[in-house]
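In what follows, a structure is listed as C-alpha cells, so that the remarks can point back to it.
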C-alpha cells in the first residue's frame, strides 16, 4: 500500500538545518493499522504530513497505492489527496458549519452533486454514530463527537488510506477508547489502511498490528506489535513499553511482596507471551488441581495479538501437584520461573 | 439661548442626509471589495502563506501603510487630479468616492488581514489534506471562518467612513458635513450644526447596530 524509501525532511532555521525526518524507509501493507510512536520532536508529525505532501519532502520517494507521490503535479496531488483521509489531534472542524456541512465539505471539493452528497452524508453520520447531531455546530459537540465528525469527514470520499495525527491525544481515556474502537471497526468494515501517529503506547497496544518507533527523525525499531512488546530492542521502545507495563521496578517490588508472604509452597513468575488461553489459565488451575493459588503481583496488558506481561503467583499444596501445575502452565506456552521454593 | 429652527429647510436636510448615506454606502461597498482584496493578498503572500512572496507582500504592505498615514483631508486634495479624470468633477458626492475608498480600503485591509490570521491554521491544513484548491480554501474556509471579524471590521470602517464623508463635505462633497459647515456654521445658524450632528450620530448608531447584530448572528463559535 505504502512504500517509503529514503525519506528526508530538513528545515532551515536561521543558519543551521534541522533534520526532522532522516533517511526513513518503511513499507506499510494494505488493510493494516500501522502505528508510529515517538516522543514529541521525534519527527512523527512531520512524517505523516510528508505522506500527503502537506510538507514537501527534501529527498526520498513515497509510493501510495501505486502512485508515485513525488511525481504528482499540483492538480494530480489534489486528486490523490482526496483518496487519503486525515484526522487531527484538534479535529480541525469548520466552526461555521454544522456536523453535516462539515462532513459534506470534502464532497464539495470532489464536486459531488448535491443529491448524492446528502445521501452520502447520511451514511457517514450513521457509520460514526452521530445520528441526531446533524444540525449541531462543533461548539455544541463534545471532544469525542468532534473527532467522530472528523473521522466521517475523512472517510467521505471513500479513501483507501486514513492518516491519524495524534487523533486521541486531546481526548479523555474513555473517549479515546470509543474512538479507537471506531477506528478498528472501520478498518475491518472498509478494509481501510490506517497510519496512526501517537505518543501513547496504549493506543498502539490496543489497535495496531505493526508499529514503528521513531527517535530523532529515524525509525529505530519496527515490527509487529506483539513482538515489539515481548522483545523490545531499543531503549526508547523499552521506555514506551515500561509506561504501559511499569517494568523495571519489577524485582525490587517483588522482594517487598515476597517478604510479606508466608514461606510455604512455591512462588513462581509467569511470563505471558500472547497465547489465547491466558484469560482462563488461573481458573483452570484452580478447577483442575486441588491446590491453593495466590496472586501476589501482576503486570499484564492486552495487545492485538494476545496478553503480554508477568504474573507472580504462590502455589500452596502437595509438592508433586505443584510441579504438575507448573508443567501445565508451561504447556500453555507461558514461561515459568520459580522465584522461591519453600516446599 | 433659545433655539430657532426656522432657517432649517426640511428638503435640504433630507437631501443632505441622503447624500451622506449615498457616499457612505457606495464607498463602503468599494472599501469592502478592495479591502478584502488587500487583506487576502497580505495574508496569502505573508510568511508561510499559500502564496508566500516577500516582494509582493512588501509592495502591498507599503501601499497600505502609506495611504493609512496620509490624513484624509490632505488625501482628498492630493487626489483632485485623479478624481477629475475618473469622475469628471471635483464637487459633489461622486467626487468624494475615490478618496473615501482609497482612505478606508487600506484600513479595512489590515483588519481583514488580522481576521484571516485568526482562522485556525489546522482548518486550512485540513482543507489542503482533503485536496482543496486555493480558491476553495479562500471562499469555503478562510472567508466563512473569519466572517464575524470581517463584519465587525466593516462596521468599524463604516463609522470612520461616515466621519470622512463629513470632512469631504466641508470641501464641497455635499452631505450632512457640507450642510453643517456651509449652511450652518458659515451663516452662524447653530441649530443646523446641531441637527446635523444629531443625524450623524443616529446614522453611526444604525450602522453599529446592524453590524453588531449580523456579527453576533453568524458567530457559531
Next item on the list: Could you pull out the residue among A:280, A:268, A:286 that is more than 21 Å from residue A:228 (Cα to Cα) and at pLDDT 85 or above?
Entry: A:268
Next item on the list: Read through the list (1) within 14 Å of chain B (Cβ to nearest Cβ); (2) in contact (Cβ under 8 Å) with a residue 40 or more places away in the chain, then give the number of the only condition that residue A:20 fails.
Entry: (1)
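Here is a check on your reading of the model: is residue B:141 within 12 Å of the chain's Cα centre (by Cα) and within 14 Å of another protein chain (Cβ to nearest Cβ)?
Working: within 12 Å of the chain's Cα centre (by Cα): no; within 14 Å of another protein chain (Cβ to nearest Cβ): yes.
Taking the combined requirement at face value, the residue does not satisfy it.
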Checklist line | Members of the range A:174-196 found to be surrounded by fewer than 24 Cβ atoms within 10 Å (Cβ to Cβ), touching a strand residue (DSSP E or B) at 6+ places or on another chain (Cβ under 8 Å) and closer than 22 Å to residue A:4 by Cα, listed by number | finding: A:187, A:192, A:193
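Go through the range A:133-247 and tell me which strands (runs of 3 or more DSSP E), entirely inside it, have 1 or more residues that are within 30 Å of residue A:117 (Cβ to Cβ).
Numbers: elements: A:161-165, A:193-198, A:210-215, A:218-224.
In the range A:133-247, the matching strands (runs of 3 or more DSSP E) lie at A:161-165, A:193-198.
Go through the residues of the range A:103-110 one by one and say whether even a single one is away from chain B (no Cβ under 13 Å) and either surrounded by fewer than 22 Cβ atoms within 10 Å (Cβ to Cβ) or touching a strand residue (DSSP E or B) at 6+ places or on another chain (Cβ under 9 Å) (or both). Reasoning before the result, please.
Within the range A:103-110, the subset away from chain B (no Cβ under 13 Å) is none.
Scanning the range A:103-110 turns up no residue that is away from chain B (no Cβ under 13 Å) and either surrounded by fewer than 22 Cβ atoms within 10 Å (Cβ to Cβ) or touching a strand residue (DSSP E or B) at 6+ places or on another chain (Cβ under 9 Å) (or both).
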Margin query: Among the numbered criteria (1) within 7 Å of another protein chain (Cβ to nearest Cβ); (2) touching a residue at least 12 places away in the same chain (Cβ under 8 Å), which one does residue B:113 miss?
Written below: (1)
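Would the range B:178-195 turn up any residue that is surrounded by fewer than 23 Cβ atoms within 10 Å (Cβ to Cβ) and under 30 Å from residue B:114 (Cα atoms)?
Within the range B:178-195, the first condition is being surrounded by fewer than 23 Cβ atoms within 10 Å (Cβ to Cβ), and the residues that meet it are B:181-191, B:193-195.
Going one step further and asking which of them are under 30 Å from residue B:114 (Cα atoms), we end up with none.
No, because not a single residue in the range B:178-195 is surrounded by fewer than 23 Cβ atoms within 10 Å (Cβ to Cβ) and under 30 Å from residue B:114 (Cα atoms).
Take residue A:140 and decide whether it is out of contact with any helix residue (DSSP H, G or I) (no Cβ under 8 Å at 6 or more places or on another chain) and either buried (at least 22 other Cβ atoms within 10 Å of the Cβ) or within 14 Å of chain B (Cβ to nearest Cβ) (or both). Show your work before the answer.
On the way: out of contact with any helix residue (DSSP H, G or I) (no Cβ under 8 Å at 6 or more places or on another chain): yes; either buried (at least 22 other Cβ atoms within 10 Å of the Cβ) or within 14 Å of chain B (Cβ to nearest Cβ) (or both): yes.
So residue A:140 passes the test.
Listed here are the residues, each with its yes/no results for (1) without any contact (Cβ under 8 Å) to a residue 24 or more places away in the chain; (2) on the phi > 0 side of the Ramachandran plot.
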site: A:79; (1), (2): yes, no
site: A:84; (1), (2): no, no
site: A:92; (1), (2): no, yes
site: A:97; (1), (2): no, no
site: A:100; (1), (2): no, no
site: A:109; (1), (2): no, no
site: A:117; (1), (2): yes, no
Notebook entry, point to check: How many residues does the range A:70-100 contain that are facing chain B (nearest Cβ under 9 Å) and over 23 Å from the mean Cα position of the chain (by Cα)?
Noted result: 14
Item checked: Exclusive hit being more than 18 Å from the chain's Cα centre (by Cα) and either closer than 26 Å to residue B:141 by Cα or in contact (Cβ under 8 Å) with a residue 60 or more places away in the chain (or both), set B:19, B:7 -> B:7
Note to self: With the structure loaded, tell me whether residue B:204 is surrounded by fewer than 24 Cβ atoms within 10 Å (Cβ to Cβ), within 22 Å of the chain's Cα centre (by Cα) and without any contact (Cβ under 8 Å) to a residue 12 or more places away in the chain or whether it fails that test.
What the structure shows: no
Notebook entry, point to check: Somewhere in the range B:166-187, is a residue within 21 Å of the chain's Cα centre (by Cα), assigned to a helix (DSSP H, G or I) and at positive phi?
Noted result: yes
Notebook entry, point to check: What is the residue count in the range A:304-333 for residues that are touching a residue at least 60 places away in the same chain (Cβ under 8 Å) and closer than 15 Å to residue A:288 by Cβ?
Noted result: 2
Margin query: Considering only residues that are closer than 25 Å to residue A:89 by Cβ, more than 10 Å from every other protein chain (Cβ to nearest Cβ) and in a helix (DSSP H, G or I), which ones fall in the range B:116-136?
Written below: B:116, B:117
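Could you pull out the residue among A:43, A:60 that is crowded, with 21+ Cβ neighbours inside 10 Å, away from every other protein chain (no Cβ under 14 Å) and touching a strand residue (DSSP E or B) at 6+ places or on another chain (Cβ under 9 Å)? Break it down stepwise before answering.
Values: A:60 fails: crowded, with 21+ Cβ neighbours inside 10 Å.
Every option except A:43 fails the conditions.
The values are calculated or read from the model by the stated rules, or taken from the named source; none is laboratory data. Please read these numbers as outputs of a predicted model, since none were measured by experiment. Cβ: placed from backbone, ideal geometry, glycine included. Neighbour counts: every protein chain shown.
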